Amino acid sequence: MRVAVYGGRGALGSTLVRHFKSKNWWVCSIDLGENSEADANVVVKGNTLQEQAEQVKGDFAKACGEEKVDALFCVAGGWAGGNASNEDFIKNTDLMMKQSIWTSVISANVAAFHLKEGGLLTLTGAVPCLKGTSFMMGYGLAKAAVHQLTKSLAADNNGLPDNASVQCILPVTLDTPMNRKFMADADFTKWTPMSYVAEMFTKWTEDAASRHPNGSLVKIITENSETKEELVAE
């Protein structure tokens with residue numbers, strides 16, 4: 001298998017790269033810096049969406065050569081809070097758009113040209129952003145846009161290769177070192193292990209029949225250390 005991980009140096013992205021490499025898959029990491037465990041790296045540059053997209057597409061084409069990928073996983077992102085009166089509201093919203101919307105849009109554009117027919121594209125949303133998020137408006141806005149993009153990419157005339165599948169995962173809280181550091185008193189039995197996501201993505205890549213319907217928003221729910229997938233109702 002040949003796959004790409006957008007956000008390959010983050011907590012989840014690094015876990016994915018390591019997991020896929022353990023299966024002897026070819027892995028390309030796309031991020032602001034290199035992941036030494038990946039077979040190839042695309043280091044994102046540019047100050048505008050257009051600049052980043054053109055650079056990522058060009059460098060990805062060089063990394064892949066003539067071969068297309070079986071899956072592209074966009075797990076880039078970040079978090080910032082604040083409501084409309086917060087002094088950092090505009091700055092944080094701009095950051096959230098760059099970290100979640102820009103990366104998702106570029107991933108979709110790369111997939112349009114470098115994903116195999118019947119391949120898999122995953123984006124990353126968030127369960128809280130299915131409704132109002134007054135305490136984190138910029139984050140909610142960005143993730144809601146990713147949810148909408150998922151639906152558009154599953155609609156007719158979407159520009160993706162034939163029979164491509166788009167899935168958007170909506171975690172609640174991932175069990176990452178950073179989350180444990182800043183939420184040390186939380187109930188970790190409600191946090192989703194990153195290994196679960198890695199195994200789920202592996203299954204979806206290897207077995208197209210295991211994927212949810214095209215355009216699904218897939219909530220990843222963990223209770224009492226048991227994790228399940230639950231589709232957002234249409």
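The values are calculated or read from the model by the stated rules, or taken from the named source; none is laboratory data. Here the structure is a predicted model, which is why all the values come from computation and not from measurement. Backbone-built Cβ (ideal geometry, glycine too); neighbour counts: all protein chains shown. Side chains are part of the model used for accessible areas, which takes the heavy atoms of the whole protein and leaves out ligands, DNA and RNA. Shrake-Rupley method; radii C 1.70, N 1.55, O 1.52, S 1.80 Å.
For this structure, a couple of remarks:
- Scan of segment 214-234 for residues that are without any contact (Cβ under 8 Å) to a residue 24 or more places away in the chain and of a type outside the set (A, V, I, L, M, F, W, C), ordered by number: E226, K228, E230, E234
A quick yes/no check of all residues on (1) at pLDDT 95 or above; (2) more than 15 Å from G78 (Cα to Cα); (3) not aromatic (F, W, Y):
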residue: T93; (1), (2), (3): yes, no, yes
residue: S104; (1), (2), (3): yes, no, yes
residue: F113; (1), (2), (3): yes, yes, no
residue: H147; (1), (2), (3): yes, yes, yes
residue: N163; (1), (2), (3): yes, yes, yes
residue: T176; (1), (2), (3): no, no, yes
residue: M183; (1), (2), (3): no, yes, yes
residue: K203; (1), (2), (3): yes, yes, yes
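- The helices (runs of 4 or more DSSP H) falling completely within segment 13-126 that include 1 or more residues that are open to solvent by less than 70 Å² (accessible area, probe 1.4 Å) and among the aromatic types (F, W, Y) map to 49-64, 89-96.
- Scanning segment 194-218 for residues being outside any helix (DSSP H, G or I), open to solvent by 40 Å² or more (accessible area, probe 1.4 Å) and in contact with a strand residue (DSSP E or B) (Cβ under 7 Å, 6 or more places away or on another chain) gives a total of 2.
- All of (1) open to solvent by less than 10 Å² (accessible area, probe 1.4 Å); (2) without any contact (Cβ under 8 Å) to a residue 60 or more places away in the chain; (3) assigned to a helix (DSSP H, G or I); (4) of a type outside the set (D, E) hold for T189 with one exception: (1).
- When T48, T15 are checked against the criterion of being farther than 21 Å from N109 by Cα and polar (S, T, N, Q), a single residue qualifies: T15.
So that you can scan it fast, the table gives a plain yes or no per residue for (1) touching a Ser or Thr at 6+ places or on another chain (Cβ under 8 Å); (2) within 21 Å of L115 (Cβ to Cβ):
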position	(1), (2)
C28	no, yes
D31	no, yes
V42	yes, yes
K45	no, no
A61	no, yes
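- Given (1) under 14 Å from T103 (Cβ atoms); (2) of a type outside the set (D, E); (3) free of Cβ contacts under 8 Å to residues at least 60 places away in the same chain, index of the condition W25 fails: (1)
- Scope segment 129-153; condition touching a helix residue (DSSP H, G or I) at 6+ places or on another chain (Cβ under 9 Å), surrounded by fewer than 16 Cβ atoms within 10 Å (Cβ to Cβ) and closer than 18 Å to K91 by Cα; matching residues: S134
- Inter-residue pairs, beta-carbon under 7 Å, first among the β-branched types (V, I, T) and in segment 85-96, second part of a helix (DSSP H, G or I) and open to solvent by 50 Å² or more (accessible area, probe 1.4 Å), 6+ apart: T93/M137; T93/L141
- Residue list for segment 78-129, restricted to those being closer than 17 Å to S152 by Cβ and of a type in the set (S, T, Y): S100, T103, S104, S107, T122, T124
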